[in-house]
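> If you scroll down you'll find the structure; I have some questions about it.
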Amino acid sequence: MDPAEQITRRTSVLSRHLRQPTPHSISSGELAASPCLHYTPPELSEKPATFDTRELRRVLDGHDVEIRDWLFRLMEGSPLFRRVAGGAVFAAPDYNQTMEQQREATMRRIGYLLDNGAFDGWLTRPGPESELRKFAAFEAVGIYDHSLAIKLGVHFFLWGGAIQFFGTKRHHDKWLKDTENYLVKGCFAMTELGHGSNVRGIETIATYDTNSGEFIINTPCESAQKYWIGGAAKHATHTIIFSQLHINGTNQGVHAFIAQIRDADGNVCPNIRIADCGHKIGLNGVDNGRIWFDNLRVPRENLLNSVADVLPDGTYVSAIKDRDQRFAAFLAPLTSGRVNIAVNAVYISKLGLSIATRYALTRRAFSTTPNGPEVLLLDYPSHQRRLLPLIAKTCAMSSAGNFLKKVYVKRTPSTNKIIHVYSSAFKAMHTWHNMKTLQECREACGGQGLKTENRVGILKGEYDVQSTFEGDNNILMQQVSKALLAEYIAAQKKKKPFKGLGLEHMNYPSPVIPSNLTRDVLRSIKFQTDIFCLRERDLLNRFASEVSQLQTQGASKENAMILSYQLAEELGRAFSERSILQTFMEDEINLSTGPLKEVMGLLRSMYALICIEEDASFLRYGHLSPSNDALIRKEVMKLCSDLRPHALSIISSFGIPDAFLAPIAFDWIEANSWPHVNTE
């Protein structure tokens, strides 16, 4: 929605409000029913913003605001993306459609976006700026519909990304342009029934036939069937097959192959069997499928060979001799999936919070005096405590997501490990936060939160999958801790200072936390940085010590880390929250002195203190006394009060057009009135 349309929409709402009749005066002796409730737009009831909401949006979006707004307008302008709800037109999918209807609607929307140039350059225009524009467009699409985002993500980021990064010029020339134009519809066959996160353990086998110069791909057992393959059930024409490569009886590990799975008429190709994964708790606009391969032959040239190749005579060649390093190099480009998930989780948190907060600024419940007006939900301290810390966390995670994207688009082989650690950490933390946020928003909207047209309830099912795809969150956090332990051991052995991943604080004396925690101290950058670094330092030392002790007692390194999972999870959280805080602080520091910087300071303090309040490790390991922990809890309540006047301004800075919200975010009385019954 462009600014003029948004002004017109909100002016209409305000006009209806101002035209409402004033109840007739009644003498004190008369009995009469209370006047009916009426809707008051928060733009009328709330004080004007004290800061420039457009500037805060630029901070939170980080880049390419214009691309996002163009795509929002493009989607809102097409009947394919619109539906009527509560007498108003919204840009939202119809989740009441059947699974087949949702799938076909998703493909029609892709066709519309393709025809309007939305994907131009997504695979054929290299460079960091182009990649950031692609991320921005993808985030806007995700706000509309997760199924649409996933279909595009599988096609462009997984299938297309695999060809870009695993393939070489022969693959680029043959496949990328046709992929960008959807002449080829790609999917990504990695996950199997028996193996998800453990990619090394997949059971599909590709055997090289020197006589024909082909690879023969087989599904040797039921647990090896490819599972949850987005696009495979109905629409995909080609796939990337991940399988164990066998040459002359030697397993060379996991490699990737291009294969056609359907012909131009949509018929499944010979030697391939495909089944539908069926109805799901969400994402029913995505045709997830299962695939079996029965002696499927693919040309030698279809091996994606940027890391390793097979010569015509069957000789296996790779510049990376170490098998572990080769596997790491092979999977490094796949971090784009986790980057996308981490960032999109933040935008869906913004969507849920925008809807729930606008409702809380207009819905009243109970009065505090015998004849007084009922109180706005967001004027209750308990309701503030439910939503405002989540808003602060979402803002902080916006900064973290922007940091992650900028590191990713400037990646080099030397930064692959850093990207892996940050993307794993942020993907886990952001998606957990998103699910918690959507649940809280659903409850904060009461019964209205159950209606699919109001979005927050249905989004829980749509986004639940984020916690497990592209890596189970718990496993990702253990990988983060494993990487931190490797940094710790390397620094100890080489007697060199820590460098990278923000661990430089380990090179300095341990911070000392003041015993007397005043408000000024609690809200200071120094205190917040010190206590987050102290927690991380202590947990890293404890984790290293426990793993070492278990190894001394005879456990292998792998088993020692498995047995230390509690410390590993605490350390992963400590690293993630410290990293998020640092990125948010940097955005705050870069602002000029003024009202926006003051509000950013409130959000940063809320983020830091709510993280402290929610993590028992600060008390468990003695970083805070019980009395100081109680002070922090009280300060969170005070921060809720301080942020309350800015609530509408902050969610307005999220930049989500009105049409992408829900009826409950606006005149929910009018939306539920009799004239709108059976008109949708």
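> Any chance segment 76-93 includes a residue that's buried (at least 20 other Cβ atoms within 10 Å of the Cβ) and part of a helix (DSSP H, G or I)?
Within segment 76-93, one or more residues are buried (at least 20 other Cβ atoms within 10 Å of the Cβ) and part of a helix (DSSP H, G or I).
> Now for a separate question. Please list, ordered by residue number, the helices (runs of 4 or more DSSP H) wholly in segment 466-563 having 2 or more residues that are touching a strand residue (DSSP E or B) at 6+ places or on another chain (Cβ under 9 Å), at pLDDT below 95 and open to solvent by less than 70 Å² (accessible area, probe 1.4 Å).
In segment 466-563, no matching helices (runs of 4 or more DSSP H) lie anywhere.
> Let me ask something else. Mind checking which residues of segment 568-596 are open to solvent by 20 Å² or more (accessible area, probe 1.4 Å) and within 22 Å of Arg620 (Cα to Cα)?
Hits for segment 568-596 are Glu569, Glu570, Arg573.
> Continuing with this model, one more query. List the residue pairs whose Cβ atoms are under 6 Å apart, where the first residue sits in segment 391-406 and is over 13 Å from Phe135 (Cα atoms), the second is open to solvent by less than 10 Å² (accessible area, probe 1.4 Å) and among the aromatic types (Phe, Trp, Tyr), and the two are 6 or more positions apart or on different chains.
Ala392/Tyr607; Lys393/Tyr607; Ala396/Phe584; Ala396/Tyr607; Ser399/Phe584; Ala400/Phe426
> Something else about it: When the residues of segment 641-680 are filtered to those that are part of a loop (DSSP other than H, G, I, E, B) and in contact with a strand residue (DSSP E or B) (Cβ under 9 Å, 6 or more places away or on another chain), which remaining residue is most open to solvent (accessible area, probe 1.4 Å)?
Looking at the filtered set, the residue picked out is Glu680.
> In segment 95-139, which residues are under 22 Å from the mean Cα position of the chain (by Cα), under 18 Å from Gly282 (Cα atoms) and assigned to a loop (DSSP other than H, G, I, E, B)?
Correct list: Tyr95 only.
> If you check Lys410, Lys417, which single one turns out to be out of contact with any helix residue (DSSP H, G or I) (no Cβ under 6 Å at 6 or more places or on another chain), farther than 25 Å from Lys634 by Cα and open to solvent by 50 Å² or more (accessible area, probe 1.4 Å)?
Lys417
> Would you mention how many residues in segment 597-623 are touching a Phe, Trp or Tyr at 6+ places or on another chain (Cβ under 9 Å) and either within 23 Å of His433 (Cβ to Cβ) or crowded, with 23+ Cβ neighbours inside 10 Å (or both)?
Residues flagged as touching a Phe, Trp or Tyr at 6+ places or on another chain (Cβ under 9 Å) and either within 23 Å of His433 (Cβ to Cβ) or crowded, with 23+ Cβ neighbours inside 10 Å (or both) within segment 597-623 amount to 8.
> Moving to a separate point now. Would you mind finding the one in Trp159, Trp175 that is modelled with pLDDT of 95 or more, touching a helix residue (DSSP H, G or I) at 6+ places or on another chain (Cβ under 9 Å), open to solvent by less than 10 Å² (accessible area, probe 1.4 Å) and part of a helix (DSSP H, G or I)?
Within the list Trp159, Trp175, the selection yields Trp159.
> How many residues are under 16 Å from Thr40 (Cβ atoms) and in contact with a strand residue (DSSP E or B) (Cβ under 7 Å, 6 or more places away or on another chain) if we restrict to segment 368-399?
5
> While we're here: Might you check whether a residue that is over 29 Å from Asn672 (Cα atoms), touching a His at 6+ places or on another chain (Cβ under 9 Å) and open to solvent by less than 30 Å² (accessible area, probe 1.4 Å) occurs anywhere in segment 57-65?
No - not one qualifying residue is present in segment 57-65.
So that you can scan it fast, the table gives a plain yes or no per residue for (1) under 20 Å from Phe157 (Cα atoms); (2) touching a residue at least 60 places away in the same chain (Cβ under 8 Å); (3) not hydrophobic (A, V, I, L, M, F, W, C):
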site	(1), (2), (3)
His171	yes, yes, yes
Ala189	yes, yes, no
Ser197	yes, yes, yes
Gly201	no, no, yes
Tyr208	no, yes, yes
Phe215	no, yes, no
Tyr227	yes, yes, yes
Ala232	yes, no, no
Gly249	no, no, yes
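> Separate question: Which one is surrounded by the most Cβ atoms within 10 Å (Cβ to Cβ), of the residues in segment 299-339 that are acidic (Asp, Glu) and part of a helix (DSSP H, G or I)?
Looking at residues that are acidic (Asp, Glu) and part of a helix (DSSP H, G or I), I get Glu301.
> Shifting gears a bit: Which is open to solvent by 40 Å² or more (accessible area, probe 1.4 Å) and closer than 30 Å to Leu648 by Cβ, of Arg108, Arg54, Arg68, Arg125?
Just one listed residue meets the conditions, Arg54.
> Further question: Kindly indicate the residue of segment 40-51 that is part of a loop (DSSP other than H, G, I, E, B) and touching a helix residue (DSSP H, G or I) at 6+ places or on another chain (Cβ under 7 Å) and also most open to solvent (accessible area, probe 1.4 Å) among those meeting that condition.
It comes out as Lys47.
The values are calculated or read from the model by the stated rules, or taken from the named source; none is laboratory data. Model, not experiment: these values are computed from the prediction. Heads up, the Cβs are rebuilt from the backbone with ideal geometry, glycines too, and the neighbour counts pull from every protein chain shown. These accessible areas exclude ligands, DNA and RNA; they are computed on the full protein's heavy atoms, side chains included. Shrake-Rupley method; radii C 1.70, N 1.55, O 1.52, S 1.80 Å.
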